[in-house]
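Beneath this line is the structure, given in structure tokens, with notes to follow.
The values are calculated or read from the model by the stated rules, or taken from the named source; none is laboratory data. Here the structure is a predicted model, which means the values were calculated and not measured. Every residue, glycine among them, receives a Cβ derived from its backbone with ideal geometry; neighbour counts consider all protein chains shown. These accessible areas exclude ligands, DNA and RNA; they are computed on the full protein's heavy atoms, side chains included. Shrake-Rupley method; radii C 1.70, N 1.55, O 1.52, S 1.80 Å.
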Amino acid sequence: MNLRFIISLIFLLTIGNVFAQSSLIVVTSIKPIHSIASSLMSGIDQPELLLKSNASAHTFHLKPSQIRMMSDAHLVITVDKNFEIGLKKALKNINSYSLMFVIDIDNLKIFSSRDSIFEEHEEHEEHGHSNLDFHLWLSQENALLIANSIANRLIQLDPFNELTYNTNLQQFNSKMDKLNIDLHNQLKSIKSKRVAVIDDTLQYFEKEQMLKRPVIVTPYHGARLSVKRTLEAKRMIKELNISCLVYGVDNSPNQVRALSEGLALKASKIDILGNEFLPGPDLYFNTMNQISSQIRSCLK
């Protein structure tokens, strides 16, 4: 009996060690996607985050330790190889089963990039600019689909924790219901007003919240703010009596100053990645509420 007990104890300890050594390694590219994955993995483990600094999501470079982390991961989640361009080379070495592109999730709302005040198609082609708008996490409908898809992948990889993943998904959905009500209440008084944006990064948020289409100054992220475009943008801003200019973390103070000078225009910096918030389950909700609050404040 004693021998059987000892053998059983050794077996149970061995199984426990196997589970301890084989925890799920999930790597995400940007903070909003990391936040959704963190919500789903709560109580089990924490996903890894690649873009931790204020660097651009389009051009950030990986450290050797991050490349190794991706290679060792059970699941690597990115938006699209044409969005996180700095990951392209590293992603080629990831097993396709371990790689998840958010853009490929079924039934997502995916919008094309919109023309600015000028339609410079030659410039689009010259810079290899994609015709898709990849800021799709700014749609709450998309966020729910993203969460559901990630949860399914986590359950496939870690069926032992299926109940926890499903419980976390239900809690995430409940928090999204509350977010929807909060955003509606925050924005209902300014739906008839229009803003100007330097880069068109808020299309998903704007359309879902039924805000007016903005005046879009540049045709894509990183486009040059020429004198001609600046003058035309200022003319339209004045003509339409626009009082708010929205810009992103990648826009320079010189660009904001050039567009604002001589106009009664309030400028508001909006960070769609939530860089000022700590990574984790709350970041997505904090970011969405902050975008709403800043737009409302800019328009009042």
- Note on the structure: Under 5 Å from the placed amide H of Thr28, counting only residues 5+ away or on other chains, we find Glu48, Leu49, Leu50, Ile77
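Looking at the chain only, what percent of DSSP beta bridges run antiparallel? Nearest 5 please.
Details: 1 of 17 bridges.
The answer is about 5 percent antiparallel.
So if I place +1 on the C-beta of Lys and Arg and -1 on the C-beta of Asp and Glu, and nothing else carries charge, what would the dipole magnitude of the chain be about its Cα centre? I want it in debye, nearest 20. Each step should come with its number before you reach the end.
Details: 32 positive and 31 negative charges, 164 e Å.
Dipole size: approximately 780 debye.
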- Item | Where N is the number of residues in the range 156-300, Cα Rg divided by 2.2 N^0.38 Å | 1.25
- Task: Tabulate in residue order the Karplus-calculated ³J(HN,Hα) for the range 234-241, using 6.51 cos²θ - 1.76 cosθ + 1.60 with θ = phi - 60°, rounded to whole Hz; enter x for Gly and Pro.
- Result: 5, 4, 5, 4, 5, 5, 8, 6
- Expressed as a fraction of 2.2 N^0.38 Å, the rule-of-thumb size for a compact globular protein of N residues, what is the C-alpha radius of gyration of the chain? 1.17
- Query: Relative contact order, percent, of the chain when contacts are C-alpha pairs under 8 Å separated by at least 6 residues?
  - Reply: 19 percent
- Can you pull the three principal axis extents for the Cα set of the range 230-277, in Å, largest first? 36, 19, 14
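Roughly how big is the range 63-107's charge dipole about its Cα centre, with Cβ charges of +1 (Lys, Arg) and -1 (Asp, Glu), in debye to the nearest 20? All intermediate terms of the calculation are to be shown ahead of the outcome.
Details: 6 positive and 5 negative charges, 71 e Å.
Using only the charged Cβ atoms, the result is roughly 340 debye.
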- Any idea of the accessible area per residue across the range 165-300, 1.4 Å probe, to the nearest Å²? 48 Å²
- Message: Using the Cα centre of the range 215-287 as the reference point, and only Cβ charges (+1 on K/R, -1 on D/E), how large is the resulting charge dipole? Debye, rounded to the nearest 20.
- Response: 460 debye
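Greater than 19 Å separation of Cα atoms is the criterion. Which listed pairs, Lys175/Lys207; Lys178/Lys269; Lys31/Lys92; Lys31/Lys212; Lys212/Lys238; Lys31/Lys191, meet it?
Flagged as over cut-off: Lys175/Lys207; Lys178/Lys269; Lys31/Lys92; Lys31/Lys212; Lys31/Lys191.
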- For helix 283-299, what angle does its Cα long axis make with the longest principal axis of the chain, in degrees from 0 to 90 and rounded to 10? 10 degrees
- Message: Going by Cα centres, the range 197-248 and the range 80-102 are how many Å apart?
- Response: 31 Å
